[in-house]
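Take a look at the structure below.
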Amino acid sequence: MFLDLQTGNLAEPISGRAWDRADVVREVALRVGRLRALGLARGDRVFLPFGNRLEFFAELLAVWSLGGCAVPIDARLTAFEVSTLVAAAVPRLAVVDDATDAAVLAALAGSGVLVVQTADTGSTLASAGLSRLDDDALILFTSGSTGAPKGVLHTHRSLRARWIALREQLGVDDFARSLCMLPTHFGHGLICNCLFPWLSGQDLFITPPFRPDIIMRLGKLLDDNRITFMSSVPSVWKLALKLSKPPQAATLRRVHVGSAPLSAALWEDVRSWTGTRQVCNTYGITETGSWVVGLANADVPAQDGLVGFGWGAVVRVLRTCVTSAPLTAQAECAVGEPGYVWLNTPALMKGYFQRDDLTAAAVIDGWFFTGDIGILDAHGQLVLKGRERDEINKGGMKIYPADIDAVVERFAHASDVCSFALEDDIYGQVVGIAVVLADAQDATVRALYAWMRSHLAEPKMPARWWRVDEIPRTSRGKINREAVKTACAGQTPLDLVAILSAAPTA
């Protein structure tokens, strides 16, 4: 696994482009030659603000071959958000594609980052080197694109620990022809759905992420490419079950659903549509290399919240959420007693990049505090009961309210703000926002909307808005997002469509 580039084949079933193993070796070698000529050194960080295409994987392996650290970021981020992440990670260079926004290119160049087009490989073939186990390999930003970034730093050691654990638990045969419809800038899509099978020598089929037109023809996509495995999120299935005909070729052997809870009803619906019983709700945390708990044999009765057993991890449910004192046996919950989920795994991140304070708040003696609430049942299986964290899960994409609040707080006419999760039939959750404005004019709302559009990626834009007189706070002065959501539920949201379409007053 990533020792001599014995990768699988790569294909883009939507565009029809494909590379076999020999193509992959050549494309990586070209990029190694180019990066070496540009002076990339061991430990340098390289931004990859594009993904879900053949070239992304060649760039990733080339960076690793020279001892560099890859930083995949969401291609939909604004120039403002990219600049924030650049200031945090200080990349040596950025590799972009022809779809990268001009404003993002300007922001990168303006920050002193050398920008290289992925198509500009040159003609020099250079042999790939070998990464060192404890080299920094990957930084995945999980929040802070508008404020204080939180980048999960993995080494080659922690990544290999995750892949080795998955091979021991699941083997690789079921992953012979794996489909990824998830973004390649976060752990679920990249580390597990893509790199685990592909770097195990299996074939990988990659599509643009979260495209409704692709989901509408998912059954045919599976049949035409004889897909044996796919990972997904619940929102994909809410669309596919309504809009796509089921596959007919019966090639699927295994299906994972992650990044959000899977209800028992949807679980059974997915089994029926896919034609396989081997469907399970995998529990993945970016900090632990994504898939860390699941069911090796998923032919079990569907159950709300059931995840399963640790995959290369020890799972504990404790009464404490404190990382400033040693964990004790007395803190361990009884069977069936709800508590905080903690994980111990050799696939644990090195830490949050240049944020020792955040690392100390999440890790103690190798144990990672997930922030999730769960129980261990009589069989030792993890069953999730809820979340402690504020993150909003929009179709499997984690959106952090603090990122949205930080942008609104910079708007001159906003005096207070609180964003929160709203339930949604398709995406699972979308963003709601309550804002206190200096005046109640629609023109101010339009100005705020324009401000947010220029500073936030489109998926982070709130779906419903409330203009309020004040944001309720706790006695300690903290925002309780659930309380704000409840307060807004009793009020009529703004008719944003009418406000935005109205002609501004002179």
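The values are calculated or read from the model by the stated rules, or taken from the named source; none is laboratory data. Owing to the predicted nature of the structure, the values given are computational and were not obtained by experimental measurement. Methodologically, a virtual Cβ is constructed for each residue, glycine included, from the backbone with ideal geometry; neighbour enumeration extends over all protein chains shown.
General observations
- Test for L133: is it assigned by TED's automatic domain parsing to the domain that holds Q354, of a type outside the set (V, I, T) and in contact (Cβ under 8 Å) with a residue 40 or more places away in the chain: no
- With respect to the conditions (1) at pLDDT 95 or above; (2) part of a helix (DSSP H, G or I); (3) not acidic (D, E), H188 lacks only one, and its number is (1).
- Given (1) on the phi < 0 side of the Ramachandran plot; (2) in contact (Cβ under 8 Å) with a residue 24 or more places away in the chain; (3) assigned to a loop (DSSP other than H, G, I, E, B), index of the condition Q354 fails: (1)
- Any pair with Cβ under 8 angstrom, 6 or more apart, that starts in region 5-18 at a residue that is touching a residue at least 40 places away in the same chain (Cβ under 8 Å) and on the phi < 0 side of the Ramachandran plot and ends at one that is part of a strand (DSSP E or B) and of a type in the set (D, E, K, R): G8/D203; N9/D203; L10/D203; A11/R17; A11/D203
- Out of G371, G339, G380, one residue alone is crowded, with 18+ Cβ neighbours inside 10 Å and not aliphatic (A, V, I, L, M). It is G339.
- Count of region 4-18 residues which are of a type in the set (A, V, I, L, M, F, W, C), modelled with pLDDT of 95 or more and within 22 Å of L130 (Cα to Cα): 1
- Among the residues of this structure, V115 does not count as one that is in the same structural domain as L348 (by TED's automatic domain parsing) and surrounded by 20 or more Cβ atoms within 10 Å (Cβ to Cβ).
- In region 125-160, the residues that are in a loop (DSSP other than H, G, I, E, B) and either surrounded by 21 or more Cβ atoms within 10 Å (Cβ to Cβ) or modelled with pLDDT of 90 or more (or both): S131, L133, D134, D135, G144, S145, T146, P149
- Residue count for region 372-419, restricted to those that are in a loop (DSSP other than H, G, I, E, B), charged (D, E, K, R) and within 17 Å of the chain's Cα centre (by Cα): 3.
- Any hit, region 76-83, residues being touching a strand residue (DSSP E or B) at 6+ places or on another chain (Cβ under 7 Å) and at pLDDT 95 or above: no
- Yes/no for S259 being crowded, with 23+ Cβ neighbours inside 10 Å, part of a loop (DSSP other than H, G, I, E, B) and of a type outside the set (A, V, I, L, M, F, W, C): yes
- Just one of the numbered conditions (1) in contact with a Phe, Trp or Tyr (Cβ under 7 Å, 6 or more places away or on another chain); (2) outside any loop (DSSP other than H, G, I, E, B) is not true of C280: (1).
- The residue that is nearest to C192 (Cα to Cα), among those in region 171-181 that are of a type in the set (A, V, I, L, M, F, W, C) and surrounded by fewer than 21 Cβ atoms within 10 Å (Cβ to Cβ), is V172.
- The residue list E81, E59, E27 contains one member that is among the charged types (D, E, K, R), touching a residue at least 60 places away in the same chain (Cβ under 8 Å) and within 23 Å of D203 (Cβ to Cβ), which is E27.
- Which listed residue is farther than 22 Å from K398 by Cα, part of a helix (DSSP H, G or I), among the hydroxyl-bearing types (S, T, Y) and at pLDDT 90 or above, from T486, T444, T492: T444
- Yes/no for S454 being touching an Asp or Glu at 6+ places or on another chain (Cβ under 7 Å), under 28 Å from A103 (Cα atoms), not assigned by TED's automatic domain parsing to the domain that holds F210 and not β-branched (V, I, T): no
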